[in-house]
Every structure is written in C-alpha cells, then in structure tokens.
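Here is the structure we will look at.
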C-alpha cells in the first residue's frame, strides 16, 4: 500500500498452545486513523499490543510472521524495545496518571529520555498539553496533582504524556470507554486533530465511535482479520457477510 | 430481516416494511382508479381518488417519522441503513404518485363535455404502461430484484415517446379546433402526469438497485440499452467492427 506506516505480514500469535492471532497481513496507512473492531476475545487488543511488543511482557507468548514499521522489522534481533516504545505511544482504557503534578506527569518521559534542559522540557510540556487539547484547562494549576483532574482530563493528560516523548504512532485501547459523552467527544475531536501528525490505531467496542473517528477499519473475528477497508465502505457496504452481520448487530 | 440481536430493531424494520407495502397498495389503487375514471369519464370515482389522497399523505408523514426515529435511535449501518434511506426515498416517490393521480382526477369533470377527445389520444396506452411499471417497480423494490428493476427502467422511453405523440396530437387539435383548446390543455397536463408516474416508477426501480447492490444509479442512465452496467455511456465500438 502507498503511504503504509506499519506493514504486518502473516502474523501469528500464540498464548501457550492457544492461537490468538491467525495469519494477519495488513498495511496500516500513515497519518490516518485505523479502528480495530470485533467481538470480545477476537484478538484486536492482542494485535494492537503486538505493534509495540507489549506482548513480550507476557509469559508463554510466541509470535511468527513480521511487523515492519517504516520498513524496519520490530521483532528482529537487536531491536531496542525501549527505543521502539518511545516511537509508539500507548493510551489505555483506564487513564493511569502518575501520582505527581500535572507538569511532572508530562515532563517525566522527556526527562528520563534526556530530551532537554529545564527550559526545553517546560516548552515540551506546554506543547504536548496544547496538542492534547488540555493546556487551557490546566495552565494555571500545573503544579497540582494530576489525580485531581476529571476522568476525561486524565485521559487527555495520558495522551499528552505519550506525545511528549515524540512518537510517530499512537495506539489507543478503548481510550474513551470509561468516559461520559462530552469527555468522549473531546477525545474523538482530539484524535481527529492528531491524525495530521501521527498514525493512530484505536481499539473500540463502540462501532459508532469507529465510524466517527477512523479513516480505515479492520474487523477481527476469532483471531482472524475478516475485512479491512475504508471506514465509509465498512459501514455502508461491507464486502464480507460476517462484517455485515457484526456491524448491523446480528452477532457478537 | 428477523435476526438482529435487538429484537425491537427487527420489529421496527418489519413495521416500516409493512407501512411501505400498505402505502404502495393504496397508491397503486389511486393511480388505477384515476386512469379508470379518466377513460370512463367517471366523475364519482375521480372524487373518490381526490378524497383518498389524505390517506396517502398520512402514510407519507408516518413513514417519514418512522425513518427519522430509526435513524436517530438505532443508528443503522450497511444494509439496514440502505433499507431506511430507500424507504424514505420510495415514500417520497409514492406520495408524488398520489399527487399525480389527484391531478388527473381533478381534470376529469372538465373533460365531460368533450368525452371523445380522450379516446383520440394515447392516454389509455400510457396508463397501461405506467401502471405496469409501477407494479413491477414496487416488486423490484420489495424483493431487491435488479433484473425486474432494469425491465422498468427500459420502459421509461416508451412513455416519453407517447407523451411526445400526445403533445403533437393535442397541439394539432388546438390549432384546428379553438373550442377544444381548454380540453386539450387539460389532456396535455394529464399526459404529463402519466409521464411523471412512469418517472416515479423508474426512481423506485433505481432505489431497488441501491438496496440490492449499494449502487447509486440515478441520474446515470442505468439500465438503458446504450449504457454500461454502472450507467456510464458505453464506449463506441472500434471503427471497422
């Protein structure tokens, strides 16, 4: 695919003897939002975690096939996983700010990565908070605890924290599923804003959210990639009968 | 469709389908009665058609509200979305057909003193073609049958030609018989309404293609012999063939 950021070929993943991903081949377009949908247990979160090698942390996981980011095999020997994860930000269902100030939450990553002096870090914090559409809400209380922020603000703080270390890919695992509709809308608007700079993958159970925020949609079922295509096609005229049944609410 | 996890959604879609079917039957009757009344000069039947339009309008409003509710509350996608969108569109076509039937019916008493002028035109043949097109278009739509839809679309030209023949004939009558100008003018309008009925039938047939294949073929000449499958103008045959 033209402008492919991540190229996945024949990816298989096993948890012990259980196969969770089956022969997935997929090209993720650069600076677009790709939604991963499918019923619980279909492998979409496992797939997401295989893109920044988070599955390495689980005992008994075995992977075959290849995942290439900018044409570089991330499972090749000698790949620096810490460096890889710096390039790939991740946001989870439950926001997980550090029990520190708002400022320190965002400054932490750049600081331990040696990304600049005091002044540069302060600029980076502001820039990241602005990109995460949170700056105006927190600029006057940067020294206050991050735990005092609302759920939606905490989630945007976590996005700002991911952005601060300069990634080019953002993985989001149900980033708005614990938020109210207004906070969800802010996250969705933010995703739309961020895609001009980042390649974004989002796992969501909310099909309308997938339809609203993504450019491309991948439908997973029982560890297989059933269909991948432009979101407008998946939600108006899916090619595969199983996709049609899933998006119209006939199984899942 | 009876297999959504949300049974209420199934029920709502079934209800919508039933309303469209009932409105279709009503409009077909209105059109048949209007044409019968015209050919027989039956003023009472014409009055019945005019009165019957309130029922058509009631269905129009109910179906529009029903579709709006489904779109707002169920957020349908894929086949379900096409079903609701096409129901909205066909509802509009049916309502316009009802108006065309009324327009024909309203002119019948004005033609009473010139009964033989009707039989000098092609309105009987036009009525036969239009009612057959409507019946087939509605079958194509309810059964999402593309081949029946195509058979409707190709007949639209026949009606257009008959309308043109009526125009030529009626303007000749006007020139030769100034006393018939008024009656001939009404018949021109009746002919135009029959042609409009066929247009609406064609629109419904095109909607059947949207439901079946998710293709929007209107405005593209789909189904005409000189067009490709998607409605584009077919490439001319290479020279020498």
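Side notes on the structure shown:
- Taking region A:158-189 as the range and being without any contact (Cβ under 8 Å) to a residue 60 or more places away in the chain and within 16 Å of residue A:93 (Cα to Cα) as the test, the residues that pass are A:160, A:176, A:179, A:180, A:181, A:183, A:184, A:185, A:186, A:187, A:188.
- Any hit, region B:12-21, residues being loosely packed, with under 14 Cβ neighbours inside 10 Å, without any contact (Cβ under 8 Å) to a residue 40 or more places away in the chain and within 14 Å of chain A (Cβ to nearest Cβ): no
- Just one of the listed residues (A:199, A:243, A:231, A:217) is in contact with a strand residue (DSSP E or B) (Cβ under 6 Å, 6 or more places away or on another chain), more than 19 Å from residue A:96 (Cα to Cα) and surrounded by fewer than 23 Cβ atoms within 10 Å (Cβ to Cβ), namely A:231.
- Residues (more than 18 Å from the chain's Cα centre (by Cα) and without any contact (Cβ under 8 Å) to a residue 60 or more places away in the chain) located in region A:14-40: A:14, A:15, A:16, A:17, A:18
- Matching helices (runs of 4 or more DSSP H) fully within region A:77-142 where at least 2 residues are surrounded by 20 or more Cβ atoms within 10 Å (Cβ to Cβ) and within 19 Å of the chain's Cα centre (by Cα): A:102-112, A:118-131
- Some residue of region A:145-153 being assigned to a loop (DSSP other than H, G, I, E, B), buried (at least 17 other Cβ atoms within 10 Å of the Cβ) and more than 15 Å from the chain's Cα centre (by Cα): yes
- Condition met for residue B:132 (modelled with pLDDT of 95 or more, within 14 Å of the chain's Cα centre (by Cα) and crowded, with 18+ Cβ neighbours inside 10 Å): no
- From the list A:164, A:183, the lone residue that is crowded, with 16+ Cβ neighbours inside 10 Å, out of contact with any strand residue (DSSP E or B) (no Cβ under 8 Å at 6 or more places or on another chain) and within 27 Å of residue A:3 (Cα to Cα) is A:164.
- Checking residue B:30 against (1) touching a residue at least 12 places away in the same chain (Cβ under 8 Å); (2) closer than 30 Å to residue A:250 by Cβ, the condition it does not meet: (2)
- The residues in region B:159-168 that are surrounded by fewer than 17 Cβ atoms within 10 Å (Cβ to Cβ) and in contact (Cβ under 8 Å) with a residue 40 or more places away in the chain can be counted, and the count is 1.
- Within region B:61-78, the set of residues being within 14 Å of chain A (Cβ to nearest Cβ) and buried (at least 20 other Cβ atoms within 10 Å of the Cβ) comprises B:70, B:76, B:77, B:78.
- Test result for residue B:121, touching a helix residue (DSSP H, G or I) at 6+ places or on another chain (Cβ under 9 Å) and free of Cβ contacts under 8 Å to residues at least 24 places away in the same chain: no
- Any hit, region B:84-100, residues being touching a helix residue (DSSP H, G or I) at 6+ places or on another chain (Cβ under 6 Å), part of a helix (DSSP H, G or I), touching a residue at least 12 places away in the same chain (Cβ under 8 Å) and within 14 Å of chain A (Cβ to nearest Cβ): yes
- Residue A:170 falls short on exactly one of the conditions (1) surrounded by fewer than 21 Cβ atoms within 10 Å (Cβ to Cβ); (2) touching a helix residue (DSSP H, G or I) at 6+ places or on another chain (Cβ under 7 Å); (3) closer than 22 Å to residue A:102 by Cα, and that condition is (1).
The values are calculated or read from the model by the stated rules, or taken from the named source; none is laboratory data. Remember, predicted model here, so these are calculated numbers, not experimental data. So basically every Cβ, Gly included, is an ideal-geometry build from the backbone, and we count neighbours across all protein chains shown.
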